[in-house]
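See structure below.
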Amino acid sequence: MQKRLTFLFIAICIAKFLIAQPLATQLKEFDTYIEKSRKEWQVPGMAVAVVKDGKVIFKKGYGVSQLGTTNVVDIQTIFACASTTKAMTAACMGILVDEGKVKWDDAVIKHLPEFHVYDPYVTRELKIRDLFTHTSGVGNADFLWGVMNVSSDVVLKKMIEVEPSYSLRSSFIYQNIFYLTAGKVIEKVSGQKWADFIQAKIFQPLGMKRTFPTLAAAKDANHSKPHYLVNGSIKTIEPTYADEIGPAGSVNASIEDMAKWMVCMLDSSKYERGRLLKKSTWVELFKPQVIVPASQFYPTMQLIKPNWMTYGLGWFQHDYKGKKINYHTGSLAGEVAIHAQLHDSKLGIYVFANYDHAEVRHALVYKAFDLFALGGNRDWSAEFLKLYQGIKAKSDQVEKDFEAKRMSNTNPSRSLEEYAGRYTSPLYGELEITLADKKLLFNTNNFLKATLTHWHYDTFHGMYDKDWYGNALASFSLNATGKIEKVNFEGKEFVKKQ
């Protein structure tokens, strides 16, 4: 009998080893693949976590947090979550739904009566749900925080000046400002600042001790720096300050903490002391709310070739090998993230990278889903790299075509001194143009600056002071008397003060 028990024990141990061995082999393969891909994409630093069946099976840092240093990335390094914050804000609203303080189909103005958009009908009919689905009818309005240094309250007040791009719920255009609006609703309903609410309701319960609701709060020595390709060289740039639209994308966190968030959201929002959301509310977050046109998805879909693409409440969605994927990217200048989940396999992956639009993040998602659940051995990194190299080549050609169309031997209609002055717009704020050394210096809201020289006719061309912003273009218009009347600066029209 004793021998049988001993044999049985040994057999069980061997069985456990044989079961564990494939996973260990997969993890080693994935680890090697990440580092190889990181180098191919020239990403200075990355952090990756994978969770499966309620457990963190992989978490690791790669490379350095800043080029030119020996500051290695580890699982505690802080990165920008950017727009992967949106799913957290949606969960915050879900918590208030569970508490009976708000309903998904409440009118926004029921809780935020001061909020108005350009179309009075949309102001009246806009629902809480609409704040999360990018279907408001208002196009991208990131210039409201990207060209001026104003408070979140001022950003919302200016929304009444933004003309709609399409009718309510008839299409889809990605929109950050309505997530800010959702954050303001959360504040009104809860009586807490959004940053305090998300800290108390999500980060603290999940033990996310190295997660910060804003960049300002993330004062930590082990913090990754953003990087950008400028004139052929990768350089460190200053971080994008997105705190004024915090609910749309200001959370900063470590990969270890994001693994905790992944485990919770893969298990219907459960955690060791309870759950964040009712099961029905959790289901609502991932329920497809709107069909997303192909033009609004990442170029990676050209190779994935999904049959359908939708958006939930803070989550993009599409099919892959017959399974539904929920995911969201995050992108700020020089920083990227992605959070993707394969619920049927209880599998999730989160990727941080400190290089602008490092689309290796997408490659690691599909590699992880193939390796740990669905099978397949496509080299997604190589395929996506080739795809994006082609996209860059086309972009470079567009720039060359633009330069080729420059008309030579033309002069400005007026003296350079006459282009200088103060210009204004009720939507875009103030623009001051000064003349120095035959160059026009553009200063938008004492925030966004560029130096332009004559290109042709009444068009001027040059670079932003923050060189990673790229080129700037301005075209002036004259009135019937021949005086400078207005300027179109990068698609934003300002009228000259006479």
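The residues on offer are 240, 211, and the sole one that is outside the structural domain of residue 471 (by TED's automatic domain parsing), within 23 Å of residue 42 (Cβ to Cβ) and of a type in the set (Val, Ile, Thr) is 240. With respect to residue 124, is the statement that it is among the basic types (Lys, Arg), surrounded by fewer than 24 Cβ atoms within 10 Å (Cβ to Cβ), touching a strand residue (DSSP E or B) at 6+ places or on another chain (Cβ under 9 Å) and not assigned by TED's automatic domain parsing to the domain that holds residue 444 true? Yes. Evaluated against (1) touching a strand residue (DSSP E or B) at 6+ places or on another chain (Cβ under 8 Å); (2) under 27 Å from residue 379 (Cα atoms); (3) surrounded by fewer than 16 Cβ atoms within 10 Å (Cβ to Cβ), residue 321 falls short on exactly one condition, (1). In segment 444-470, of all residues being free of Cβ contacts under 8 Å to residues at least 24 places away in the same chain and polar (S, T, N, Q), the one that is surrounded by the fewest Cβ atoms within 10 Å (Cβ to Cβ) corresponds to 453.
Looking at 309, 265, just one residue is under 17 Å from residue 204 (Cβ atoms) and of a type in the set (A, V, I, L, M, F, W, C), and that residue is 265. With the condition kept exactly as written, say whether any residue in segment 157-169 is basic (Lys, Arg) and surrounded by fewer than 16 Cβ atoms within 10 Å (Cβ to Cβ). The answer is yes, given that some residue of segment 157-169 is basic (Lys, Arg) and surrounded by fewer than 16 Cβ atoms within 10 Å (Cβ to Cβ). You will find that of 334, 330, 348, the residue that is at pLDDT 95 or above and at positive phi is 334 and no other. Residues in segment 39-55 that are surrounded by fewer than 21 Cβ atoms within 10 Å (Cβ to Cβ), of a type outside the set (D, E, K, R) and either out of contact with any strand residue (DSSP E or B) (no Cβ under 7 Å at 6 or more places or on another chain) or within 17 Å of residue 337 (Cβ to Cβ) (or both): 41, 54. Count of segment 222-260 residues, restricted to those that are part of a loop (DSSP other than H, G, I, E, B) and either touching a residue at least 12 places away in the same chain (Cβ under 8 Å) or within 25 Å of residue 50 (Cα to Cα) (or both), is 13.
Note on segment 65-166: enclosed helices (runs of 4 or more DSSP H) holding 2 or more residues that are among the small types (Gly, Ala, Ser) are 85-98.
The values are calculated or read from the model by the stated rules, or taken from the named source; none is laboratory data. These figures come from a predicted structure and were not determined experimentally. Positions of Cβ are generated from backbone atoms using ideal geometry, with glycine treated the same way; all protein chains shown enter the neighbour counts.
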